[in-house]
């Protein structure tokens, strides 16, 4: 029988945000295989207090959020996670937990510093995981440039940005292995001098256990939608580049007036405002936050699922989690061809992928709206791809083998 490991996963995010949805499925699978897993994340609700709870058998420790820097430090260097109480709580957990393996999700200060302070004597095996391009030319250049006083932030934030760049290299060089979500990040990590044999590409998983294929008519009736209309659907907590889809959908509307644009996720005023500017306010359906159990029903209402990405470094680095949900729901996908998603769609024939061009994107949506039989076949292949290549047991087993191999080498 394989050895049972005690694993610490340190996240830079808060619970139910971003990378939490990469860590929790991994952790849940590892627990099902007999391992113990603790996830560290910053609290949404408490500035001074650490709270402990459990989800799917995974121990969740939420650390204090005081002075996390989510606003000022994000503008200065593109990364938060500077709270002293947060860092202290994570260091204490790393020292006292008796962990065999630590996984550092990204290189934020409150992720790397506690691990470094705890040292190898407390946690002998380190893994660095990376899902985004945070360094020069990455998120901090694209996501935070619209702020007023941006030039001042750039000037004052220079030493903090240099520190974060150092921590990125530090954790990757010190780690026993580096897991990455995309080929772009894999190539970037290897380009930083990390040996290729140390880098493991594990893309996002598809939740084929919770998300099932459902008939569109039944799903629309459950959600109060007209099943005779055509629905293009965008899902995402972070509604990156949805404005691109809206501009394309304006052109779709001119050709297919009985179509609607569905956005699952928070009701972003910027999305509402842009839809109004384009005259689409009556064609836009914003669900707001929904319960996890409702997601499959909403996805099943779609004729086409959308994955718009503009041509920039952060998008090249990404593996959007939404592709896994789209495939699990058995729906065809229309995407722009800027990262690993484009080749996947073409090679598995599960939708359409093309240039970052509004008219081309609109034409692909129209093509699928007008060919429902093709949509059904693409959706069938999408579900098969999700089950065969992207299910959690496949990716979780790969991760478990990596951990056990490193643990075996350490104790040899």
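The values are calculated or read from the model by the stated rules, or taken from the named source; none is laboratory data. Source: prediction; values computed, not measured. No Cβ is skipped: glycine too gets one built from the backbone with ideal geometry, and neighbour counts run over all protein chains shown.
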task = Collect the residues in segment 214-239 that are under 15 Å from residue 268 (Cβ atoms) and crowded, with 17+ Cβ neighbours inside 10 Å, keeping them in residue-number order.
result = 234, 235, 236, 239
remark   = Of the conditions (1) in a loop (DSSP other than H, G, I, E, B); (2) assigned by TED's automatic domain parsing to the domain that holds residue 292; (3) touching a residue at least 24 places away in the same chain (Cβ under 8 Å), the single one that residue 133 does not satisfy is (2)
Segment 339-352, residues that are crowded, with 21+ Cβ neighbours inside 10 Å and more than 23 Å from residue 180 (Cα to Cα) = 350, 351, 352
task = Return the pairs, sorted by first residue and then second, in which the second residue is part of a strand (DSSP E or B) and modelled with pLDDT of 95 or more, the first residue lies in segment 34-49 and is within 14 Å of residue 82 (Cα to Cα), the beta carbons are less than 6 Å apart, and the residues are 6+ apart or on different chains.
result = 41/11; 41/62; 42/63; 43/62
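Do we have any residue at all in segment 54-61 that's assigned by TED's automatic domain parsing to the domain that holds residue 156, part of a loop (DSSP other than H, G, I, E, B) and closer than 24 Å to residue 200 by Cβ? Break it down into steps so the answer makes sense when it comes.
First, pick out the residues of segment 54-61 that are assigned by TED's automatic domain parsing to the domain that holds residue 156: 54-61.
Now drop any that are not part of a loop (DSSP other than H, G, I, E, B), which leaves 56-57.
From what is left, the residues that are closer than 24 Å to residue 200 by Cβ are 56.
Checked segment 54-61: at least one residue is assigned by TED's automatic domain parsing to the domain that holds residue 156, part of a loop (DSSP other than H, G, I, E, B) and closer than 24 Å to residue 200 by Cβ.
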query = Only one residue in 360, 382 is assigned to a helix (DSSP H, G or I), within 21 Å of the chain's Cα centre (by Cα) and either in the same structural domain as residue 250 (by TED's automatic domain parsing) or closer than 30 Å to residue 311 by Cβ (or both), so which one is that?
reply = 382
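So which residues in segment 364-378 are surrounded by fewer than 18 Cβ atoms within 10 Å (Cβ to Cβ) and part of a helix (DSSP H, G or I), if there are any at all? Spell out how you get there, then give the answer.
We begin by selecting, within segment 364-378, every residue surrounded by fewer than 18 Cβ atoms within 10 Å (Cβ to Cβ); these are 367, 370-374, 376-377.
367, 372, 373, 374, 376, 377, listed by residue number.
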key: From 86, 129, 100, residue being at pLDDT 95 or above and surrounded by fewer than 24 Cβ atoms within 10 Å (Cβ to Cβ)   = 100
query = Can you name every residue in segment 249-279 that is touching a residue at least 60 places away in the same chain (Cβ under 8 Å) and either assigned to a loop (DSSP other than H, G, I, E, B) or within 29 Å of residue 293 (Cα to Cα) (or both)?
reply = 249, 256, 259
task = Counting only residues that are touching a residue at least 12 places away in the same chain (Cβ under 8 Å), on the phi < 0 side of the Ramachandran plot and more than 16 Å from the chain's Cα centre (by Cα), give me the helices (runs of 4 or more DSSP H) lying completely in segment 294-340 with at least 2 of them.
result = 295-299
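Anything in segment 208-224 that is touching a residue at least 40 places away in the same chain (Cβ under 8 Å) and not in a helix (DSSP H, G or I)? List them, or say none. Outline the logic, then answer.
Keep residues of segment 208-224 that are touching a residue at least 40 places away in the same chain (Cβ under 8 Å), which gives 208-216, 218-220, 222-223.
208, 209, 210, 211, 212, 213, 214, 215 - these are the residues of segment 208-224 that are touching a residue at least 40 places away in the same chain (Cβ under 8 Å) and not in a helix (DSSP H, G or I).
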key: Test: residue in segment 344-353 that is closer than 30 Å to residue 127 by Cβ and either out of contact with any helix residue (DSSP H, G or I) (no Cβ under 9 Å at 6 or more places or on another chain) or not assigned by TED's automatic domain parsing to the domain that holds residue 248 (or both)   = yes
